[in-house]
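Notes follow once the structure below has been shown.
The values are calculated or read from the model by the stated rules, or taken from the named source; none is laboratory data. In this text the structure is predicted, and so the values were computed from the model without any measurement. Cβ placement follows ideal geometry from the backbone for every residue including glycine, while neighbour counts extend to all protein chains displayed.
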């Protein structure tokens with residue numbers, strides 16, 4: 001098949017991995033590689049998922065609906081990898097947290113660095 005360049009309109013290494021998995025699944029089930037690539041390139045970014053907010057501010061702002069401890073950790077790792085200088089972040093915990101997820105969030109919070 002060779003090398004086929006893909007230009008995704010979504011940010012994040014984890015999104016690239018998901019796109020490649022979708023591409024492999026499409027091709028494995030008989031989709032034409034070129035059509036599958038065009039489909040991925042046409043996919044629009046999802047509001048609230050690694051979404052950049054540009055309002056003329058002299059700093060970057062990214063919104064992500066990371067609704068689990070694992071998802072938030074993944075987003076913060078990606079932002080740390082691509083951010084020079086300080087990384088400031090804010091998180092809002094959902095009001096309907098179950099006891100199982102509450103324990104996971106507590107373990108995750110205990111592992112947070114005091115500065116990023």
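Taking the criterion of being part of a loop (DSSP other than H, G, I, E, B) and touching a residue at least 12 places away in the same chain (Cβ under 8 Å), the residues of region 72-93 that qualify are 83, 86, 87, 88, 89, 91, 93. Scanning region 3-31 for residues that are in contact with a helix residue (DSSP H, G or I) (Cβ under 9 Å, 6 or more places away or on another chain) and either assigned to a loop (DSSP other than H, G, I, E, B) or in contact (Cβ under 8 Å) with a residue 40 or more places away in the chain (or both) yields 4, 5, 6, 7, 8, 9, 10, 11, 12, 13, 14, 31. For region 9-30, the tally of residues that are surrounded by 15 or more Cβ atoms within 10 Å (Cβ to Cβ) and more than 20 Å from the chain's Cα centre (by Cα) stands at 2. All of (1) surrounded by 10 or more Cβ atoms within 10 Å (Cβ to Cβ); (2) at pLDDT 75 or above; (3) over 22 Å from residue 7 (Cβ atoms) hold for residue 55 with one exception: (1).
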